[in-house]
Amino acid sequence: MPGRPASDSGGTRRARGGGALLAGGTALLLLGLVARMLLGARAEMHHAAAAATRGDQRAEVQHFRRAMAYYLPGNPWVRRAHDALLQVGIRAMDRGQNEIAADALEQLRSAILSLRGISRPFSRTLPEVNRRLAALRSHEPQAAPALRTPEGERRLLLRLEHPPEPEPLWAGLGLAGFLVWVASAFLLLYRGIRPDAALVRRRFWPLLGIMVGGMALFCLGMAWA
């Protein structure tokens with residue numbers, strides 16, 4: 001039986017090599033992103049510890065808040081930053097340091113709300129944070145007299161418990177756009193470009209258009225969500 005042409009086998013090897021290179025590059029990119037999130041949170045925790053040593057509580061709170069911005073599922077330093085912010089707020093409140101307590105609790109609440117998405121990390125902490133913030137704000141010197149009552153504190157708590165939520169329609173559109181963007185980018189690399197870097201024109205340009213459209217949907221959805 002006639003063997004397969006050498007050019008075909010060579011093209012197959014090149015295609016496999018290109019696919020392996022792309023897969024390796026993608027894996028390295030993901031590993032780099034994970035390392036950035038882990039090391040960024042760890043560095044902020046070190047800065048927070050240094051600020052605590054100096055007695056600078058405001059800087060300590062800021063670094064804890066920045067550490068939480070490096071959220072990644074399973075990131076231990078983000079969990080430590082969350083726990084530390086909560087404890088700073090509770091201890092300051094018990095000592096009568098209301099400004100520090102309010103700052104720590106507001107930063108913690110802001111961090112938790114900013115992480116909302118398909119999942120809601122640390123959402124179980126919000127009821128306690130909201131309750132303590134309502135108590136602090138209702139007793140601030142500049143608070144309106146109507147707020148310095150049990151009813152005023154209750155109204156503040158209700159307001160804190162119902163923050164603005166993302167629009168589901170726009171958030172879903174953004175997610176769909178992101179998925180289209182990523183999928184079309186992979187198809188563009190695998191199907192729109194030959195192993196010798198030549199373009200497969202009947203595939204390349206339509207896939208490029210779909211990728212750009214997905215990117216536009218993602219940006220639009222995130223902007224309006």
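Taking only the Cα atoms of segment 168-224, the ratio Rg/Rh comes out at 1.12, with Rh defined as the Kirkwood radius. Mean residue ellipticity at 222 nm, helices only, the chain: -26000 deg cm²/dmol; runs of at least 4 DSSP H residues each add -39,500 (n - 2.57), and the sum is divided by the number of residues. Using a Gaussian network model on the chain with a 10 Å cutoff between Cα atoms, which of Arg202, Arg36, Arg191 fluctuates the most? Result: Arg202 has the largest fluctuation of those listed. Peptides 147-157, 124-134, ordered by how many other C-beta atoms sit within 10 Å of their residues on average, highest first, read 124-134, 147-157.
Compute the Rg/Rh shape ratio of the chain: radius of gyration over Kirkwood radius, all on alpha-carbon atoms. Walk me through the numbers on the way to the answer.
On the way: Rg = 25.7 Å, Rh = 21.6 Å.
With Rh from the inverse mean 1/r over Cα pairs, Rg/Rh is 1.19.
For the listed peptides 204-214, 98-108, a ranking on the average number of other beta carbons within 10 Å per residue, highest first, reads 98-108, 204-214. Helix screen, the chain: DSSP H segments with Cα axial length of 15 Å or more and mean Kyte-Doolittle hydropathy at least -0.5 are 6-54, 76-94, 98-114, 126-138, 168-191, 201-224.
Rounded to the nearest 20, the Cβ-based charge dipole of the chain about its Cα centre (Lys and Arg +1, Asp and Glu -1) stands at 920 debye. A straight chain from Leu158 to Asp56 at 0.36 nm per residue would run longer than the Cα-Cα distance by 33.5 nm.
Only the coordinates and a few stated rules stand behind these numbers; no lab work does. It should be emphasised that the depicted structure is a prediction, and the values quoted were computed from it without experimental measurement. For neighbour counting, all protein chains shown are included, and Cβ atoms are generated from backbone atoms with ideal geometry for every residue, glycine included.
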